[in-house]
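Below is one structure, written out as structure tokens; the observations come after it.
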């Protein structure tokens, strides 16, 4: 058995259309397909159909589901449910998936673009430290209008690996 890498990340949002628009406009994502297009009640998936597959609560419904492609990396699957979720601001202290990171060429330009599309920027950009330290290696966090924490990272200089590391960090190609 070989694990090849992350194929997609699933994110549940309060409004699928708004989340799609943010990913498209701010991150240049493209919609690959919509299994449950927003507002199409005929395509709604009842929870009891999904419960045995992934533990989705039987009393809920999937009212929107779209698969997007994000650059030269992982796909992003967006879910909208009924009853709806309340967007909560993400932070690093939360258990489970707490942020996604996107590789950027120009971190200042990328941050400005995210800000233009409604993201709240934290202090930054900041120089990386420890094993990630190097000329131009920087990181900068923001929070999307729907509460997702996104880290932008640029690593133009080589990283320093721990002794015995058997692989190197994957960086999306241009």
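A short reminder: the numbers here are calculations on the coordinates, not readings from a lab. Worth saying up front: this structure is predicted, and the values here are computed from it rather than measured. Cβ coordinates were reconstructed from backbone atoms using ideal geometry, including for glycine residues, and neighbour counts include every protein chain displayed.
Brief remarks follow.
- Calculated Rg and Dmax of the stretch 87-174 using C-alpha coordinates, Å: 14.0, 43
- Radius, Kirkwood style, for the stretch 1-86 when every pair of distinct Cα atoms is counted (Å): 13.6 Å
- Listed peptides 151-160, 37-46, 12-21 appear in the order 12-21, 151-160, 37-46 once ranked by packing, highest mean of other Cβ atoms within 10 Å at the front.
- The angle between the Cα long axis of helix 16-27 and the longest principal axis of the Cα atoms of the chain comes to about 20 degrees, rounded to the nearest 10.
- Ranked by the mean number of other Cβ atoms within 10 Å of their residues, highest first, the peptides 68-74, 168-174, 5-11 fall in the order 68-74, 5-11, 168-174.
- Computed [θ] at 222 nm, deg cm²/dmol, the chain (DSSP H ≥ 4; -39,500 (n - 2.57); rounded to nearest 500): -5000 deg cm²/dmol
- Taking all Cα pairs closer than 8 Å and separated by 6 or more residues, the relative contact order of the stretch 87-174 comes to 32 percent.
- The DSSP beta bridges internal to the chain are antiparallel in roughly 70% of cases.
- Values of log10 I(q)/I(0), in the order q = 0.19 Å⁻¹, for the chain under a Debye, Cα-only, solvent-free model: -1.33
- With contacts taken as Cα pairs under 8 Å at a separation of at least 6 residues, the chain carries a relative contact order of 19 percent.
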